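Engineer: What follows is a structure written as structure tokens; I'll ask about it next.
The values are calculated or read from the model by the stated rules, or taken from the named source; none is laboratory data. Here the structure is a predicted model, which is why all the values come from computation and not from measurement. Here the Cβ is made from the backbone with ideal geometry for all residues, glycine too, and neighbour counts use every protein chain on show.
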Amino acid sequence: MYLVLHKEMLFLKVPGSATRIKPYIHYNMKKLPSLCVLTFLFFGAEAQNMDSIYQVYAKLVSSSQENDKAELKMRLENDIKSENETNWMIAWFVYFQMRNTAKADSILQAGKQKWPDGQLAKHEQFNFVNDEKDPFKKDAMYHIFLKRFPPPSKDAIATYDDMRGQLAVGYLKSGYVAKAFLYTDSIKTLNVQRWMARELFSKDHCKEAAVLMDKSVDSTREYQMAAMIFHENMEYTKALRCIEIAYKDNHTQPITYTIYFSTLKHLGKDQQAMDIAAEATKTGLADKKMKAELKELYEKLKGREGYDAYAAELNKAFLLQLTAHLQTTQINEPAPDFTLKNLEGKQITLSELKGKVVVIDFWATWCGPCISSFPAMKEAMLRFEKDEDVKFLFVDTWEREADPSEKVKKFLADNHYPFDVPLDIKAYKAAGAFDVKGIPAKFVIDKTGNIRFRFTGYSGSDYTTTEEVSAMVTMLK
């Protein structure tokens with residue numbers, strides 16, 4: 001077992017397991033030293049004891065009771081007086097949690113002197129290797145580390161595989177593919193194999209990715225990614241097995257239907273493929289390509305007659321389902337007012353737009369999902385371009401430049417987006433007033449100035465987004 005810091009939380013992990021057992025202690029990343037990946041190794045019976053020990057300390061640290069504070073102080077003092085390095089590691093770790101980095105560092109330095117080749121020294125060296133960005137320097141440091149701290153048992157392989165994985169990724173990103181493969185071939189830990197498969201796939205090394213994913217998918221349960229890799233590698237039978245499991249787990253994403261449909265088609269399972277495409281269409285998750293191929297399949301299996309009526313029924317089913325869903329998600333909150341200047345220098349005050357249905361889309365030029373949703377938003381906007389009672393505002397916010405106006409203008413011109421873009425710069429007051437937590441964030445406001453719909457993110461389906469926004473506007477007109 002080992003502890004690993006991930007997104008401000010420390011988790012206990014078991015080598016080869018996909019599961020983080022439980023979070024022990026929250027961290028403030030800004031308070032941590034440069035050795036940012038905190039990794040401890042515990043083996044055998046000792047590992048079984050760490051669970052209860054850390055739970056006790058976590059409770060004491062979070063308690064405001066004076067007797068708990070006294071007990072915590074006593075325990076830490078006893079840990080530092082101990083001749084057992086594990087106790088020192090516990091004290092060091094807990095002082096970090098208490099944000100007493102000076103005390104934690106003094107324990108680390110004293111512990112390294114007391115146990116020059118112990119776990120504290122090993123942890124520090126591991127992080128030195130981890131922090132190095134140059135793959136060749138990291139490689140040399142890794143071999144020095146390996147010579148000084150050879151794996152004490154088979155259970156220790158996860159940390160060493162993690163280091164080999166980092167080396168492989170570093171070489172891949174630097175273009176040294178052959179060197180990367182030297183390390184991917186030696187990785188045994190299933191979680192690291194899965195990680196490597198994803199990295200290889202992202203660099204178009206599908207064959208090698210498929211080999212690693214084949215070994216790890218049933219343990220890590222990352223079936224959708226496995227299906228993508230096997231599909232790309234033209235191993236359609238394996239892809240089908242994985243996508244069927246992924247579909248049962250969650251079929252609310254367009255990519256699930258896309259992989260499922262394409263895999264079935266490649267395997268000659270035309271009727272099943274047609275059924276999946278029909279379901280995707282009824283749920284709004286079929287893209288234009290799938291719909292075109294659905295038409296081809298229909299005509300192949302049933303003839304040219306009747307497709308238009310069939311497609312109309314599928315679309316009707318989607319719209320009925322969408323309308324019913326939207327009725328359950330309506331809210332009724334006063335929209336906060338704001339006044340912003342748009343790219344033309346015109347002042348726009350939200351309260352002056354009462355009497356219109358207003359769609360506000362908070363976005364930024366660096367936001368991938370925002371940009372991905374724009375073709376759908378453009379189509380929705382154009383449906384109402386002649387309706388004077390509907391107004392779309394694409395509020396640019398959270399930009400990193402003091403004045404992003406020229407950058408935004410170029411982006412709109414390059415992509416032919418005829419958007420009205422108010423600039424929410426400096427203090428981001430409009431985004432703050434609407435309590436925007438993430439972007440894209442969309443709000444649909446009725447004619448009386450109340451927010452009736454809000455949603456964050458992008459589903460990945462242009463068709464669904466266009467129809468959702470259009471339906472929201474239509475319901476409020």
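Engineer: Among the residues of the range 292-313, how many are without any contact (Cβ under 8 Å) to a residue 12 or more places away in the chain, among the acidic types (Asp, Glu) and closer than 16 Å to Ala273 by Cβ?
Structural biologist: Count: 2.
Engineer: Hey, among the residues in the range 366-389 that are surrounded by fewer than 19 Cβ atoms within 10 Å (Cβ to Cβ) and touching a helix residue (DSSP H, G or I) at 6+ places or on another chain (Cβ under 6 Å), which one's farthest from Glu467 (Cα to Cα)?
Structural biologist: Selected residue: Pro375.
Engineer: Name the residue, out of Thr281, Thr328, that is of a type in the set (S, T, N, Q) and out of contact with any Leu (no Cβ under 6 Å at 6 or more places or on another chain).
Structural biologist: Values: Thr281 fails: out of contact with any Leu (no Cβ under 6 Å at 6 or more places or on another chain).
After ruling out the rest, the residue left standing is Thr328.
Engineer: Find the residue count for the range 433-465, including only residues that are surrounded by fewer than 16 Cβ atoms within 10 Å (Cβ to Cβ) and part of a helix (DSSP H, G or I).
Structural biologist: Summing the residues that are surrounded by fewer than 16 Cβ atoms within 10 Å (Cβ to Cβ) and part of a helix (DSSP H, G or I) in the range 433-465 gives 1.
Engineer: In this structure, is Ala430 of a type in the set (A, V, I, L, M, F, W, C), surrounded by fewer than 16 Cβ atoms within 10 Å (Cβ to Cβ) and either in contact with a His (Cβ under 8 Å, 6 or more places away or on another chain) or modelled with pLDDT of 95 or more (or both)?
Structural biologist: Values: of a type in the set (A, V, I, L, M, F, W, C): yes; surrounded by fewer than 16 Cβ atoms within 10 Å (Cβ to Cβ): no; either in contact with a His (Cβ under 8 Å, 6 or more places away or on another chain) or modelled with pLDDT of 95 or more (or both): yes.
No.
Engineer: Here is a follow-up. Any chance the range 353-362 includes a residue that's surrounded by fewer than 16 Cβ atoms within 10 Å (Cβ to Cβ), assigned to a helix (DSSP H, G or I) and not aliphatic (A, V, I, L, M)?
Structural biologist: no
Engineer: So, one more: Which of (1) in contact with a helix residue (DSSP H, G or I) (Cβ under 7 Å, 6 or more places away or on another chain); (2) in a loop (DSSP other than H, G, I, E, B); (3) more than 23 Å from Thr339 (Cβ to Cβ) is the odd one out, the single condition Glu468 does not satisfy?
Structural biologist: All conditions pass for Glu468, except number (2).
Engineer: So, one more: Checking the conditions here, which among Ala376, Ala402, Ala427 is part of a helix (DSSP H, G or I), in the same structural domain as Glu468 (by TED's automatic domain parsing) and of a type outside the set (Ser, Thr, Tyr)?
Structural biologist: Just one listed residue meets the conditions, Ala376.
Engineer: Another one. Specify the residue that is nearest to the chain's Cα centre (by Cα); the eligible residues are those in the range 87-131 that are among the β-branched types (Val, Ile, Thr) and buried (at least 17 other Cβ atoms within 10 Å of the Cβ).
Structural biologist: Residues of the range 87-131 among the β-branched types (Val, Ile, Thr): 90, 94, 101, 107, 129.
Cutting the leftovers down to buried (at least 17 other Cβ atoms within 10 Å of the Cβ) gives us 90, 94, 107, 129.
Values: Ile90: 31, Val94: 29, Ile107: 36, Val129: 26 Å.
Taking the candidates together, the pick is Val129.
Engineer: For Arg99, all conditions in the list (1) more than 24 Å from Trp115 (Cβ to Cβ); (2) free of Cβ contacts under 8 Å to residues at least 40 places away in the same chain hold save one; what is the number of the exception?
Structural biologist: Result: Arg99 fails condition (2) only.
Engineer: If you check Leu340, Leu412, Leu382, which single one turns out to be modelled with pLDDT of 95 or more, in a strand (DSSP E or B) and either within 25 Å of Lys437 (Cβ to Cβ) or of a type outside the set (S, T, N, Q) (or both)? Write out each step before concluding.
Structural biologist: Details: Leu412 fails: in a strand (DSSP E or B); Leu382 fails: in a strand (DSSP E or B).
Exactly one of Leu340, Leu412, Leu382 is modelled with pLDDT of 95 or more, in a strand (DSSP E or B) and either within 25 Å of Lys437 (Cβ to Cβ) or of a type outside the set (S, T, N, Q) (or both), namely Leu340.
Engineer: Test Phe419 against the criterion of being within 21 Å of Val473 (Cβ to Cβ), under 23 Å from the mean Cα position of the chain (by Cα) and surrounded by 17 or more Cβ atoms within 10 Å (Cβ to Cβ), and give yes or no.
Structural biologist: No; evaluated as a whole, the condition is false for this residue.
Engineer: Report whether or not Lys447 is among the basic types (Lys, Arg), under 13 Å from Met377 (Cα atoms) and assigned by TED's automatic domain parsing to the domain that holds Lys378.
Structural biologist: no
Engineer: Same structure, new question: Quick check on the range 167-196: of everything there that is crowded, with 21+ Cβ neighbours inside 10 Å and of a type in the set (Phe, Trp, Tyr), which residue is farthest from Asp218 (Cα to Cα)?
Structural biologist: So the residue we want is Tyr171.
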